[in-house]
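Input: a single structure, listed below in structure tokens.
The values are calculated or read from the model by the stated rules, or taken from the named source; none is laboratory data. Remember, predicted model here, so these are calculated numbers, not experimental data. Note that each Cβ is placed from the backbone with ideal geometry, even for glycine, and that neighbours are counted across all protein chains shown. These accessible areas exclude ligands, DNA and RNA; they are computed on the full protein's heavy atoms, side chains included. Shrake-Rupley method; radii C 1.70, N 1.55, O 1.52, S 1.80 Å.
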Amino acid sequence: VAPFFDFEAELASMLAFEAALADAEAACGVISKEAARQIAQGCRDFVPDTDALKASTAQDGVVVPGLIKQLRSTLSGDAQEKLHFGATSQDVIDTALVLRLKQILPLLKTNLSMVIAQLDALDVAFGRKTLMARTRMQHAYETTVSHRISEWRRPLHKALGQLDMLADELLNVQLGGAIGNLDKLGDQAADVRAKLAEVLVLNDPGCCWHTDRSAVQAFGNWLVHITTALGKLGTDITLMSMNEVAELKITGAGGSSAMPHKQNPVKSEILITLARFNAVNVSGLHKAGVQEFERSGSAWSLEWLMLPQMIMTTSGALRITGELLDGVTEIGK
């Protein structure tokens, strides 16, 4: 998922927003169809001066003012004036993020489903075998491998079941204008927002969510739900592969520079690290939700630091879990 957060991907999404906004405004009679056509063509043909964008971003705090200035210079007449009409920088950046999240969610869903399928296969292969249940790290009673696998699988099933509802809440177009009330669009504001959502195939939230980051926070919570479940799986596998416990055999273990006999459970350890990393970052995502008045600069930009890292962490954890489970050759006795 990392390529979705590089400059080229973000730029493409921002240009898609500007072209769609012009299309929606033309459909609602706010700007002319010819202006919308020229804006769409300008977005398709646009080649940025990245050095100038870097300099303007350092000055303005966001890339959009510099981007609009460059894009406007490629247009003429009414199109030049009507580009970005009624919108603000946050509308562009938030919608560009949502457009990329729309592509990322199916990837996470696929990888999550694959991990669940791998656990199902391990259950079929080893589920009837037994192992020692432990509470507070002490022997309790004997149980089945199937019981332990079900503890790993259940929260992942739950996360998978939550995804469609989460997508409905998350994949909303952002259009609020300078202070969130779309004042420049007048009586056409609601129609333009609805049409913009239709053009971009996103949901129309019926409002501006500049300072309401609850959907982003819910997504962050969902990511932590997954990495926490995988961290629990990694913890159990790390402990089960200890020499003294020997309830699980796995290939692909890591070596030691000082002790050639070692078979270190590197992949399962990484899952624990990634779970803790996401748990730390989600607190920052919630802190970014505490915003001042109609729009925030500092809180909003804090979100930019946290969310991409959390998404890439979750994607990486799912990939590593798949590799880990592929290497399991024996569970139980």
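At-a-glance table
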| item | result |
| --- | --- |
| Selected residue (criterion: most open to solvent (accessible area, probe 1.4 Å)) from residues of segment 235-250 that are at pLDDT below 85 and in contact with a helix residue (DSSP H, G or I) (Cβ under 9 Å, 6 or more places away or on another chain) | ALA246 |
| Any hit, segment 287-302, residues being open to solvent by 20 Å² or more (accessible area, probe 1.4 Å), within 15 Å of the chain's Cα centre (by Cα) and in contact (Cβ under 8 Å) with a residue 40 or more places away in the chain | no |
| Every pair of residues 6+ apart whose Cβ atoms lie under 6 Å, when the first sits in segment 65-90 and is acidic (Asp, Glu) while the second is part of a helix (DSSP H, G or I) | ASP78/ALA35 |
| Complete set of residues in segment 262-292 that are hydrophobic (A, V, I, L, M, F, W, C) and part of a loop (DSSP other than H, G, I, E, B) | ALA288, VAL290 |
| Test: residue in segment 154-162 that is crowded, with 17+ Cβ neighbours inside 10 Å and either in contact (Cβ under 8 Å) with a residue 24 or more places away in the chain or over 22 Å from the mean Cα position of the chain (by Cα) (or both) | yes |
| Any hit, segment 198-210, residues being of a type in the set (A, V, I, L, M, F, W, C), farther than 16 Å from LEU21 by Cβ and either touching a strand residue (DSSP E or B) at 6+ places or on another chain (Cβ under 8 Å) or at pLDDT below 95 (or both) | yes |
| Number of positions in segment 25-55 that are within 27 Å of SER301 (Cβ to Cβ), in a helix (DSSP H, G or I) and more than 27 Å from the chain's Cα centre (by Cα) | 3 |
| Residues of segment 79-114 satisfying the condition of being over 23 Å from LEU185 (Cα atoms), among the β-branched types (Val, Ile, Thr) and in contact with a Phe, Trp or Tyr (Cβ under 9 Å, 6 or more places away or on another chain) | ILE104 |
